[in-house]
Amino acid sequence: MDCLFCKMAAGDIPVNKVYEDDVCIAFHDIAPQAPTHFLVIPKAHIGAVSEVTEENSAIAGHLLAVIAKVSKELGLESYRVVSNIGESAGQSVFHLHFHVLGGRDMTWPPG
């Protein structure tokens, strides 16, 4: 499989890591959309939220726990978690990932 995030998770492509364990890695986005913008991805290949099953749901739950932990460590009190599912929703890398954005007002319209 030629998956960009699988290569990142395996350490074949360097990332600016903020967290890593046996299940996942978290790293800063290369094109941040907020003062704090990091991604959390599983090391196992899951294509998107739409591919989460009873068998792999513990991985998805772990990713959410890591989001809470890393966000707290980075001093985020308020933040947005986004996962695009499918090309028409903006998914460009077909490997489950959550964007975490914070450090600015995330309300709409911007105030």
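The values are calculated or read from the model by the stated rules, or taken from the named source; none is laboratory data. Everything quoted here is computed from the prediction, not taken from an experiment. As a convention, Cβ positions derive from the backbone with ideal geometry for all residues, glycine included, and neighbour counts pool all protein chains shown. Ligands, DNA and RNA are excluded from the accessible area calculation, which covers all protein heavy atoms including side chains. Shrake-Rupley method; radii C 1.70, N 1.55, O 1.52, S 1.80 Å.
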Length gained when the stretch residue 92-residue 105 is fully extended (0.36 nm per residue, less Cα-Cα span) | 2.1 nm
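Compute the accessible area per residue over the chain, keeping the other protein chains in place, probe 1.4 Å, unit Å².
Working: 6530 Å² over 111 residues.
I get 59 Å² per residue for the chain.
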Run the quick spin-label model on residue 23 and residue 64: label points 7 Å from Cα toward the beta carbon, then report their separation in nm to one decimal.
-> 1.2 nm
State, to one decimal in nm², a quarter of the convex hull surface area for the C-alpha atoms of the stretch 59-111, i.e. the direction-averaged projected area.
-> 4.6 nm²
On the formula 1/(1 + (r/R0)^6), with r taken between the Cβ atoms of residue 16 and residue 44 and R0 of 22 Å, the FRET efficiency rounded to 0.05 is 0.50
Keeping the other protein chains in place, figure out the carbon and sulfur percent of the accessible area of the chain, with a 1.4 Å probe.
-> 54 percent
Any idea what Rg and Dmax come out to for the chain if you just take the C-alpha atoms, in Å?
-> 13.7, 44
